[in-house]
1. Could you please put E71, E203 in sequence from largest to smallest accessible area, using a 1.4 Å probe?
2. Can you list residues whose amide H is under 5 Å from Q155's amide H, if they're 5+ apart or on another chain and H is modeled 1.01 Å from N?
3. Just in segment 217-297: which chymotrypsin sites (Phe, Trp or Tyr not before Pro) are loop by DSSP and have at most 13 other Cβ atoms within 10 Å?
4. Within the set of other residues whose C-beta is less than 12 Å from the C-beta of Q202, count the net charge using Lys and Arg as +1 and Asp and Glu as -1.
5. Sort out for me the Cα centre separation of segment 12-82 from segment 98-151, rounded to whole Å.
6. Quick one: pull the percent of accessible area on segment 130-238 belonging to carbon and sulfur, 1.4 Å probe, ligands and nucleic acids left out.
7. How about segment 228-281: which trypsin sites (Lys or Arg not before Pro) there are in a DSSP loop, with at most 15 other Cβ atoms within 10 Å of their Cβ?
8. Let me check I've understood the local charge: for D56, count other residues with C-beta under 11 angstrom from its C-beta, Lys and Arg +1, Asp and Glu -1. What total comes out?
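The values are calculated or read from the model by the stated rules, or taken from the named source; none is laboratory data. Just so we're clear, the structure is a prediction, and the values are computed from it rather than from any experiment. Note that we place each Cβ from the backbone using ideal geometry, even for glycine, and neighbour counts take in every protein chain shown. For accessibility, only protein heavy atoms count, side chains too; no ligands or nucleic acids. Shrake-Rupley method; radii C 1.70, N 1.55, O 1.52, S 1.80 Å.
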Amino acid sequence: MITNKHNLPKVFENFARSNEYSRGESDISVTSLIDSPQIFKLKELNKDKLDVDVSDQIFSILGTAVHSILESSASDDCIVEERIFHKVKHPSGKQIIISGAVDLREKCPDCADGWIVSDYKTCTVNTVRYAREGKPEWENQLNCYAYLLRSERKQKICGLRIIALCRDWSAQKGSIAGNPDTPIVTIEIPIWDEDKAISFVQERISEHLKEDSICSPADRWMRPGKYAVMREKRATAVKLFQTEEDANEYLPQLRGGGYYVQYRESQNIRCMNNYCEVSAYCKQWSDMKEALGDSNE
Ligand code: SF4
């Protein structure tokens, strides 16, 4: 259900309604296929109970604005916002219709019959800083699009790209070593061969067909626990280590006294920060919270 807790103008409600996600006539979209099966199932089970407040739609508004503006500026020789449906036969005998929405498909400049596929991401400078080679989920998503285009439209795919639009870029941030020096960055993504793409799609379908799937650490965006070297009367860590041994080895190098090692629990960022829409209905998360006490609340 769409709510408007902060009484924003009606246009925001209208946007949220028009933007309600639809995967059309498919069983699953590419973005859900590559994501956690448990989240997909819990969304389906609780779709009538899930609330979305219009004030939480800011990134959706920005993303939609980017897509809409770039769609209206596209030249005639490219294909934009193309939704593709493809029926996949799984070894279990089930037939699954997968859909994918391709942001941009352009003619390959190096051959007569190939295409370059791009996906727009509105993200932060930090996202690009730490994903110069792309993220695994970007590679999975774009290669699923390539698979759909090859299977359904018989297209040859010559390149895959993320076009990252850094919404918080500034000249000052751009001048810091390691940060992107322009606000719009193209990231080339490796193309899989057809066998790898088919196996990946089949494996993901198998995961989604399992009755008892739970979220993996990667699905939960788990940040592993760390060992912090702390000093008395100082609130922040002097240095963080992956292992207790490394943290203890560092202690003798420090001048003065009052240093000690403190363990910081791993954190399930997606579950604990309301990034997961279905966390209120998730038994795995409620069990984890119970086991961890309140350190992951
Ligand atoms: S709350 Fe966490 S464990 Fe539960 S579905 Fe969401 S991401 Fe998965």
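1. Working: E71 85, E203 115 Å².
My answer, sorted largest first, is E203, E71.
2. Those lying under 5 Å, H to H, from Q155 are R150.
3. Working: sites: W221, Y227, F241, Y250, Y259, Y260, Y263, Y275, Y281, W285; in loops: W221, Y275.
Sparse-neighbourhood loop chymotrypsin sites (Phe, Trp or Tyr not before Pro): Y275.
4. So the surrounding residues net to +1.
5. A separation of 17 Å, based on Cα centres.
6. That fraction is 51 percent.
7. Within segment 228-281, the qualifying trypsin sites (Lys or Arg not before Pro) (loop, at most 15 other Cβ atoms within 10 Å) are K233, R234, R255.
8. Within the 11 Å Cβ shell, the charges total -2.
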